[in-house]
Amino acid sequence: MLRNELQLKLKLNLNLLLKNQVEVLLYSVQELEQLLKEEKESNPFIEDIYVSDRAVRFYEESRSPEAVYKVHPLELLQKNLRAELEGIDLRIALELISDVDGRGFYRGDTAEVAQKFGVSEDYVEDLREFVMGLEPLGVCSRDFQEFARLQIRELYPEEEAQLSKELEKALKGEKISEESRRKLAHLKSSPIEEGSPPLKVAKVDAIIELDDGELVGYLYEDLIDIRPNTTYLQMLKRVKGEAKEFLRDYVERYENFRKILSVRRENLRRIIDEVIEVQGQFLRGEGNLKALMVKDVAAKLGISESTVSRLINSKYVKTPQGTYPLRFFFVRETAGGISQEELMKEIRELINGEDKRKPLSDDEIAKILRSKGYKVARRTVAKYREMLGIPSSRERKER
């Protein structure tokens with residue numbers, strides 16, 4: 001009787017694991033370690049969760065990435081904003097986050113902010129949406145619905161439309177599918193959880209460092225392994241009937257765990273390599289972040305956008321330039337395939353070097369940029385010039 005109950009429980013747990021295995025991609029390395037410890041306690045085929053001695057020497061002594069960062073989420077956001085923005089954009093963004101409540105929701109008035117800084121309300125709204133996309137994700141959302149839609153776009157991009165409709169139905173108290181309910185249950189209720197302690201990063205998930213002038217990436221979980229219980233493996237060869245079937249279920253669970261971890265480890269490593277390739281100048285301290293889109297990385301690696309989104313969520317990387325959320329290195333691009341930051345820098349430099357008696361028009365700036373290989377239209381130049389807080393050519397002209 002007891003054996004039957006245990007066997008039923010194991011099968012239910014295995015089905016749950018297989019159904020939710022994609023959620024393992026979301027875990028930080030410390031959450032993963034906890035999951036493996038819990039699995040060891042319930043599965044006799046796992047003898048030990050092995051962490052190499054190299055992990056202690058490599059991660060704690062030589063490079064010391066393991067540390068506790070007692071930083072409030074808004075302090076982390078301010079750091080990320082200063083890395084992404086400057087000038088009037090940075091001042092407006094800081095003004096916006098000064099008007100969020102304890103849960104991270106925006107309670108200010110964008111019209112007042114626009115008037116204060118002498119820009120359009122659309123300009124401020126664009127910056128608010130930009131802030132929402134940084135880590136911690138969703139700060140400056142106006143309400144739960146906006147925050148939830150953002151999370152759906154980040155975690156389930158291929159199902160965004162369908163899950164957004166399911167969300168609206170759920171908020172109205174209408175019935176939704178069990179699959180949608182399970183996915184929506186993973187959404188946070190607020191960008192900053194009420195009563196939560198200050199942001200804590202016990203371990204970084206990866207290290208990128210310079211080794212003889214070359215950038216090299218390391219994963220902490222490369223040094224973690226699951227050791228099987230050889231006694232039970234030998235027993236499986238000898239027993240027959242119900243006992244063999246019972247033990248085979250445990251083996252199946254053990255093997256599936258290894259497969260899930262292998263998928264996670266391999267794809268995370270490939271993502272880190274892609275970050276190194278695209279953001280090499282920034283990592284060396286020699287330039288700005290470049291455009292790097294989730295969809296492009298997904299296409300290059302041959303995996304889904306949702307898998308990439310899950311893998312870069314809640315992961316931290318120690319680099320020569322500091323410790324950052326992995327998502328920090330994924331930067332929006334313009335229509336021309338470069339980052340917004342890079343294009344704005346080009347526009348700013350052209351205007352700074354212009355003849356003030358004959359300032360460049362937006363159309364002239366667009367033509368110069370196109371001659372340099374940037375595929376931009378006049379209206380794109382006008383948009384980013386306004387975002388930089390730079391007046392039109394007529395207003396810049398010196399008499």
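The values are calculated or read from the model by the stated rules, or taken from the named source; none is laboratory data. Small disclaimer: the values here were computed from a predicted structure and weren't measured. Glycine gets a Cβ as well: all are built from the backbone with ideal geometry, and neighbour counts include every protein chain shown.
Quick one: how many residues across the range 378-396 are out of contact with any Lys or Arg (no Cβ under 9 Å at 6 or more places or on another chain), touching a residue at least 24 places away in the same chain (Cβ under 8 Å) and aliphatic (A, V, I, L, M)? Count: 2.
If only residues of the range 285-301 that are closer than 16 Å to Asn267 by Cβ and among the charged types (D, E, K, R) are counted, the one that is modelled with the highest pLDDT is Lys300. Within the range 99-106, identify whether any single residue is at pLDDT 85 or above and more than 30 Å from Lys318 (Cα to Cα), and answer yes or no. Checked against the condition, which is being at pLDDT 85 or above and more than 30 Å from Lys318 (Cα to Cα), the range 99-106 yields at least one hit. Of all residues in the range 257-286, those satisfying the criterion of being in contact (Cβ under 8 Å) with a residue 60 or more places away in the chain and within 13 Å of Glu214 (Cα to Cα) are Ile276, Gly280, Leu283, Arg284. Please count how many residues of the range 73-105 are within 21 Å of the chain's Cα centre (by Cα), closer than 24 Å to Ala148 by Cβ and without any contact (Cβ under 8 Å) to a residue 40 or more places away in the chain. So the answer is 1.
Being at pLDDT 85 or above, assigned to a helix (DSSP H, G or I) and surrounded by 15 or more Cβ atoms within 10 Å (Cβ to Cβ) holds for only one residue in Leu94, Leu14, and it is Leu94.
Set side by side, the residues Lys259, Lys240 differ, and just one is of a type in the set (Lys, Arg) and either outside the structural domain of Glu33 (by TED's automatic domain parsing) or within 30 Å of Lys315 (Cα to Cα) (or both), which is Lys259.
Among residues belonging to the range 199-224 that are surrounded by 13 or more Cβ atoms within 10 Å (Cβ to Cβ) and at pLDDT below 75, point out the one that is nearest to Arg103 (Cα to Cα). Selected residue: Leu199.
Determine whether the range 309-326 contains at least one residue that is surrounded by fewer than 18 Cβ atoms within 10 Å (Cβ to Cβ), in contact (Cβ under 8 Å) with a residue 24 or more places away in the chain and part of a strand (DSSP E or B). Yes, the conditions are met somewhere in the range 309-326.
The set of residues in the range 104-125 being crowded, with 18+ Cβ neighbours inside 10 Å and either charged (D, E, K, R) or within 19 Å of Ser189 (Cβ to Cβ) (or both) consists of Gly104, Phe105, Tyr106.
Determine whether Glu346 is among the acidic types (Asp, Glu), surrounded by fewer than 17 Cβ atoms within 10 Å (Cβ to Cβ), modelled with pLDDT of 75 or more and out of contact with any Gly (no Cβ under 8 Å at 6 or more places or on another chain). When the stated conditions are applied, Glu346 does not pass them. The criterion of being under 17 Å from the mean Cα position of the chain (by Cα) and not polar (S, T, N, Q) holds for Lys290.
Against the condition crowded, with 17+ Cβ neighbours inside 10 Å and of a type in the set (Gly, Ala, Ser), how does Ser262 come out, does it pass? Taking the combined requirement at face value, the residue does not satisfy it.
If you go through the range 92-113 and keep only what is in contact with a Phe, Trp or Tyr (Cβ under 7 Å, 6 or more places away or on another chain) and under 21 Å from Arg348 (Cα atoms), you end up with just Ile92.
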